[in-house]
Amino acid sequence: MLVSRVRTTGMQETLRSLGAVLDAHRARSVCILEVPEGLLVRAAVVETLADRILAAWQPLERLYPDSALFEQQVAAVARRGTGHQAGPIERSLRLIGREVDERSLTRLTIIQHHADAGWIVWFDGPHGTQTHLFAMSTAELVSLDTKIRSRARRHAPPALTEI
């Protein structure tokens with residue numbers, strides 16, 4: 001199986017932590033390929049918001065091996081409870097990773113729409129002989145996130161009150 005060590009922790013957490021890295025790089029036009037060594041990421045990035053305004057995009061191509069992905073997951077866990085606000089790529093990739101985990105998808109290619117209007121996910125069929133895809137628009141991702149959060153709030157234990 002590809003990315004075996006990453007897959008033991010789930011793609012939701014893997015893609016979420018990778019999304020945080022991509023948000024920090026102000027990435028767009030993201031393409032993520034699952035390869036035997038980890039995840040190969042291609043994107044356009046800028047160093048500063050001023051560079052983004054000037055459209056001074058630089059290409060990024062980086063292989064994130066299992067060990068680097070694990071380090072990013074540890075960093076993501078460390079951010080919890082610190083007031084960290086997930087960026088748009090982190091939120092989107094978390095939700096896509098959730099779908100990948102629920103459907104047990106393999107051999108992924110995840111592509112961000114060129115106008116940041118959603119994502120396309122290519123994957124192998126159940127027997128590895130056919131390639132399939134699904135797409136999620138930004139509106140669908142926001143709706144799914146809202147649904148998941150409301151479900152989590154309903155199932156959360158009641159808050160403790162002081163006497």
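The values are calculated or read from the model by the stated rules, or taken from the named source; none is laboratory data. All values derive from a computational prediction rather than experimental measurement. Please note: Cβ atoms are built from the backbone with ideal geometry, for glycine as well, and neighbour counts cover all protein chains shown.
Quick notes
- Figure legend. Inter-residue proximity from the stretch 137-151: first residues closer than 22 Å to His114 by Cβ and among the aliphatic types (A, V, I, L, M), second residues assigned to a helix (DSSP H, G or I) and at pLDDT 90 or above, beta-carbon distance below 7 Å, spacing 6+ or different chains. Indicated pairs: Leu141/Ser92; Leu141/Leu95; Leu144/Leu95.
- Considered as a group, the residues in the stretch 108-126 that are part of a loop (DSSP other than H, G, I, E, B) and of a type in the set (A, V, I, L, M, F, W, C) include one that is nearest to the chain's Cα centre (by Cα), and that residue is Ala117.
- The stretch 110-142, subset hydroxyl-bearing (Ser, Thr, Tyr) and out of contact with any Asp or Glu (no Cβ under 9 Å at 6 or more places or on another chain), residue nearest to Leu15 (Cα to Cα): Ser137
- Scanning the stretch 72-114 for residues that are among the basic types (Lys, Arg) and surrounded by fewer than 21 Cβ atoms within 10 Å (Cβ to Cβ) gives Arg79, Arg80, Arg91, Arg98, Arg103, Arg107.
- Pair list, Cβ under 8 Å, 6 or more apart: the stretch 44-65 residue exposed (fewer than 11 other Cβ atoms within 10 Å of the Cβ), other residue among the small types (Gly, Ala, Ser): Pro59/Ala43; Pro59/Ala44
- The one condition from (1) closer than 22 Å to Ser143 by Cα; (2) touching a helix residue (DSSP H, G or I) at 6+ places or on another chain (Cβ under 6 Å) that His113 does not meet is (2).
- Of all residues in the stretch 21-42, exactly one satisfies the criterion of being in contact with a Cys (Cβ under 8 Å, 6 or more places away or on another chain) and closer than 21 Å to Arg79 by Cβ, namely Val41.
- The single residue among Ala55, Ala68, Ala75 that is in a loop (DSSP other than H, G, I, E, B) and under 18 Å from His25 (Cα atoms) turns out to be Ala55.
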